[in-house]
Amino acid sequence: MKFKHLLLAVLFVSALQSCVVMSPKKHKALLAERDSLATRTTTLEEQVSKLMADTSRIRQELAGLKGNYRSLNDKYNALDKNYNASSSKVSQLSTDLQKREARLKEVEEILRKRDEATNALKEKLQKALLGFQQSGLTVDIRNGKVYVSLTDKLLFPSGSIVIDDKGKQALKQLAAVLNKEADINIAVEGHTDNKKIKNLGQIKDNWDLSVLRATSVTRYLTETENIDPKRLTATGKGEFQPIDTANTPEALSRNRRIEIVLSPKLDELYNLISK
């Protein structure tokens, strides 16, 4: 505003000084020009004021945008950090999953080989013991193991723990196969019916009878047929795992048996699982 007043004053003094020599017409023109300059000055001042207001507003908006930018940049950095951490974790999980899948395939392959070996062993035993199957011998697979079941009448005289000649022949045929299958573990289980023991000397009950018969078979296989004793275990199950729960003579006969349980050694599988 000071600039405006100063300018008008200068123009006014100049006009007065010129009045002496100027014509009224020229004087009028100067006054008109002065008014025009005043108007233009006012307009310029208004424009400058508006520009200053706009500049202030733009600066405020810029400050706000900078604040938003910093906030967004901080969020981006945090997200990027989380992403990198998540990406690393996903990568690790993916690697672990691949390792587990590889181990699972190895386990499946070992189990497949076990099943193949078990089926092949069953076939060999069925062929080797074919002549005894009419005398109460069976060969089947249960839970990945081969079960050779021999009724007591095939192995022992009634109430005895001494293997007879027919039983020895059956065990000899069995041992011929097992001696060629060194990777097979052998469990000999003695089973009885549920009838009480009577007049059998030192044999007090069915526990004694089942254990002693299993031990007799184990001794024959190791001492006569030369199967490595480290491969065998002998157990007595008494009357408590019957095949047939009926109380008929046929059911009781089936329950009185020796079961030779053959299972492939799974050291490779155990080692793999324990890694």
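Details
Residues are listed down the side, and each one gets a yes or a no for (1) aliphatic (A, V, I, L, M); (2) at pLDDT below 95; (3) open to solvent by less than 20 Å² (accessible area, probe 1.4 Å):
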residue: V139; (1), (2), (3): yes, no, yes
residue: R142; (1), (2), (3): no, yes, no
residue: Y147; (1), (2), (3): no, no, no
residue: L150; (1), (2), (3): yes, no, yes
residue: L155; (1), (2), (3): yes, no, yes
residue: S160; (1), (2), (3): no, yes, no
residue: K166; (1), (2), (3): no, yes, no
residue: L171; (1), (2), (3): yes, no, yes
residue: A176; (1), (2), (3): yes, no, no
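- Near pairs, Cβ below 6 angstrom, 6+ apart or cross-chain, from segment 108-133 (closer than 19 Å to D183 by Cα) to any residue that is part of a helix (DSSP H, G or I) and open to solvent by 30 Å² or more (accessible area, probe 1.4 Å): I110/E268; A128/Q173
- Selection within segment 210-248 - without any contact (Cβ under 8 Å) to a residue 12 or more places away in the chain, within 15 Å of D152 (Cβ to Cβ) and not acidic (D, E): none
- You will find that of N185, N194, the residue that is polar (S, T, N, Q), in contact with a Leu (Cβ under 9 Å, 6 or more places away or on another chain), open to solvent by 20 Å² or more (accessible area, probe 1.4 Å) and over 30 Å from A120 (Cβ atoms) is N194 and no other.
- The set of residues in segment 148-163 being small (G, A, S) and under 50 Å from the mean Cα position of the chain (by Cα) consists of S149 alone.
- Yes/no for E225 being at pLDDT below 95, more than 30 Å from R100 (Cα to Cα) and either of a type in the set (D, E) or crowded, with 18+ Cβ neighbours inside 10 Å (or both): no
Results for (1) at pLDDT 85 or above; (2) surrounded by 10 or more Cβ atoms within 10 Å (Cβ to Cβ); (3) touching a helix residue (DSSP H, G or I) at 6+ places or on another chain (Cβ under 9 Å), shown as yes or no for each residue.
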{"residue": "K4", "(1), (2), (3)": "no, yes, yes"}
{"residue": "L7", "(1), (2), (3)": "no, yes, yes"}
{"residue": "T42", "(1), (2), (3)": "yes, yes, yes"}
{"residue": "Y83", "(1), (2), (3)": "no, yes, no"}
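- Any hit, segment 97-107, residues being among the polar types (S, T, N, Q), closer than 30 Å to A182 by Cα, open to solvent by 70 Å² or more (accessible area, probe 1.4 Å) and in a helix (DSSP H, G or I): no
- Candidates in segment 106-131 are the residues that are of a type in the set (K, R) and closer than 17 Å to R142 by Cβ; of these, the one that is modelled with the highest pLDDT is K122.
- Condition met for E61 (open to solvent by 80 Å² or more (accessible area, probe 1.4 Å), more than 30 Å from A182 (Cβ to Cβ) and not small (G, A, S)): yes
The values are calculated or read from the model by the stated rules, or taken from the named source; none is laboratory data. On a predicted model such as this, the values are computed, not experimentally measured, just so you know. As a convention, Cβ positions derive from the backbone with ideal geometry for all residues, glycine included, and neighbour counts pool all protein chains shown. Just so you know, the surface numbers come from the protein's heavy atoms only, side chains and all, with ligands and any DNA or RNA stripped out. Shrake-Rupley method; radii C 1.70, N 1.55, O 1.52, S 1.80 Å.
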